[in-house]
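Asker: Structure below; questions to follow.
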Amino acid sequence: MKSISLRTQLGVFSALFAAGMWMSKVAQPLHYDNAGALVAFGVGYAVMAVAGGFSFLWGTLADRIGGVNAMRIGTVAYAIGIAGRLMTDLLPTVVFSFIAGAGASLALVGIRP
């Protein structure tokens, strides 16, 4: 059985990760709007940005655990965070948004050269 190259794996990962991020910007606002919770959505997105802003911390963590592990852990954290954002109350939105932002940032710094 032929092994899939790391370059191909990285390309597939990047495409799927970007698709997930794009969907979170399209589907989630509609979900929050239907629930009458657009303020929570906005606060959550701001929290995601702040969590991503700590990329210097996530980069240090990625250096310690290795790029592949950082990508794996970050992707799982991002998925958990985005899934948790199905709850439209403010507190769960803030908590899961931080998890999603940290996970996305960790995954992205994990794949840097």
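Asker: Kirkwood Rh over alpha-carbon pairs of the chain, then Stokes-Einstein at 4 °C and 1.567 mPa s: what D in µm² s⁻¹, rounded to an integer?
Answerer: The calculation lands on 90 µm²/s.
Asker: With a point put 7 Å past each Cα toward its Cβ, work out how far PHE56 is from LEU6 in nm, to one decimal.
Answerer: 2.8 nm
Asker: Roughly how many whole Å is it from the C-alpha centroid of the range 1-23 to that of the range 67-86?
Answerer: Taking the Cα centre of each part, the range 1-23 and the range 67-86 sit 15 Å apart.
Asker: What angle do you read, to the nearest 10 degrees and between 0 and 90, between the alpha-carbon axis of helix 55-65 and the longest principal axis of the chain?
Answerer: Tilt relative to the chain: about 40 degrees.
Asker: Residue farthest toward the positive end of the dipole of the chain, with Cβ of Lys/Arg at +1 and Asp/Glu at -1: which of LEU108, ALA40, GLN9?
Answerer: GLN9
Asker: Quick check: residue separation of ASN34 and ASP89 times 0.36 nm, minus the Cα distance between them. What number comes out in nm?
Answerer: 18.5 nm
Asker: Still on this model: In degrees from 0 to 90, rounded to the nearest 10, what is the angle of the helix 90-110 Cα long axis to the longest principal axis of the chain?
Answerer: 20 degrees
Asker: I would also like to ask the following. Go ahead and set up a Gaussian network model of the chain, Cα springs under 10 Å, then flag whichever of ALA83, ALA18, ALA102 fluctuates most.
Answerer: Its mean-square fluctuation being the largest, the pick is ALA18.
Asker: Taking just the alpha carbons, could you work out the radius of gyration and Dmax for the range 5-58, both in angstroms?
Answerer: 14.7, 46
Coordinate-derived values only; no laboratory data. Since this is a predicted model, take the numbers as computed values, not measurements. Quick reminder, even Gly has a Cβ in these numbers, built from the backbone with ideal geometry, and neighbours come from all protein chains shown.
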